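**Q** My questions all concern the structure below.
The values are calculated or read from the model by the stated rules, or taken from the named source; none is laboratory data. Being a predicted model, the structure only gives us computed values, none of them experimental. All Cβ positions, even for glycine, are placed from backbone atoms using ideal geometry, and neighbour counts span all protein chains on display.
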Amino acid sequence: MRTIEQDAPEGAEPSETLTLPFDLRQKSRLRAKLDSGDDVAVHVERGRILRDGDLLLADDGAVVRVRAADEQVSVVTATDGMQLARGAYHLGNRHVPLQVGDGFLRYQHDHVLDGMVRGLGLSVSVESAPFEPEGGAYGGGGHGHAHEHEHEHEHARGGRA
């Protein structure tokens, strides 16, 4: 079985493709099939999310382009930007991976979330499309809340927080 453990060099031309849904693109270790049907083991650094267009290098020298698979997603639209921002706020409060586009929000289909969003006055449709959620405030795309710096708060200096 071929193994992929690193990025391809800049400017490399892909000879293979690997199409995966978001749930698999956020795993650091997985077995998959290239679009050609060949088995491959993918081992990337923990916390990395493979993005559509990423170029990876297989142990046999092949350059593999990652492709985001079409999957069932809910697409939210609104009549104005403020209404759409309100929808993003409520979905964010539920820690939902969210793709933000020009005039739309997209998340992995969930009928309960669809009902909540409709209750906010937004329109929701279900489509089959690639899902590329935002990377998150700390650069990842997962659900990590790790902080690599210390916070200084007012109460630590004797003030009010």
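**Q** Go through region 79-102 and give me each residue that's polar (S, T, N, Q) and either surrounded by 12 or more Cβ atoms within 10 Å (Cβ to Cβ) or touching a Phe, Trp or Tyr at 6+ places or on another chain (Cβ under 8 Å) (or both).
**A** Narrowing region 79-102 to residues polar (S, T, N, Q): 79, 83, 93, 99.
Scanning region 79-102 gives Gln83, Gln99.
**Q** For region 93-104, check the following and say yes or no: at least one residue is touching a helix residue (DSSP H, G or I) at 6+ places or on another chain (Cβ under 8 Å) and free of Cβ contacts under 8 Å to residues at least 24 places away in the same chain. Full working, then the answer.
**A** Residues of region 93-104 that are touching a helix residue (DSSP H, G or I) at 6+ places or on another chain (Cβ under 8 Å), as a first pass: 94, 96-98, 100, 103-104.
Cutting the leftovers down to free of Cβ contacts under 8 Å to residues at least 24 places away in the same chain gives us 94, 96.
Yes - at least one qualifying residue is present in region 93-104.
**Q** How about region 31-45: which of its residues are in a strand (DSSP E or B) and either charged (D, E, K, R) or crowded, with 18+ Cβ neighbours inside 10 Å (or both)? Break it down stepwise before answering.
**A** Taking region 31-45 and keeping what is in a strand (DSSP E or B), we get 31-33, 39-43.
Result: Arg31, Lys33, Asp39, Val40, Val42.
**Q** Output the residue which, of all residues in region 72-90 that are in a strand (DSSP E or B) and of a type in the set (Ser, Thr, Tyr), is nearest to Pro130 (Cα to Cα). Show your work before the answer.
**A** Taking region 72-90 as the starting set, the residues that turn out to be in a strand (DSSP E or B) are 72-77.
Checking the rest, the ones that are also of a type in the set (Ser, Thr, Tyr) come to 74, 77.
Numbers: Ser74: 11, Thr77: 17 Å.
Here the residue is Ser74.
**Q** Under the condition of being at pLDDT 95 or above, among the charged types (D, E, K, R) and not in a strand (DSSP E or B), which residue from region 46-66 is surrounded by the fewest Cβ atoms within 10 Å (Cβ to Cβ)?
**A** The extreme case among them is Asp60.
**Q** Can you name the residue in region 92-119 that is touching a strand residue (DSSP E or B) at 6+ places or on another chain (Cβ under 8 Å), part of a helix (DSSP H, G or I) and of a type in the set (A, V, I, L, M, F, W, C) and is also farthest from Asp80 (Cα to Cα) among such residues?
**A** Selected residue: Leu113.
**Q** Suppose we filter region 120-138 for residues that are in contact (Cβ under 8 Å) with a residue 12 or more places away in the chain, within 30 Å of Arg48 (Cβ to Cβ), assigned to a loop (DSSP other than H, G, I, E, B) and among the hydrophobic types (A, V, I, L, M, F, W, C); how many remain? Please lay out each step first, then the result.
**A** The first filter runs over region 120-138 and keeps only residues in contact (Cβ under 8 Å) with a residue 12 or more places away in the chain, leaving 120-135.
Checking the rest, the ones that are also within 30 Å of Arg48 (Cβ to Cβ) come to 126-135.
Next, only the ones that are assigned to a loop (DSSP other than H, G, I, E, B) stay: 131-135.
Retained after the next criterion (residues that are among the hydrophobic types (A, V, I, L, M, F, W, C)): 131.
Count: 1.
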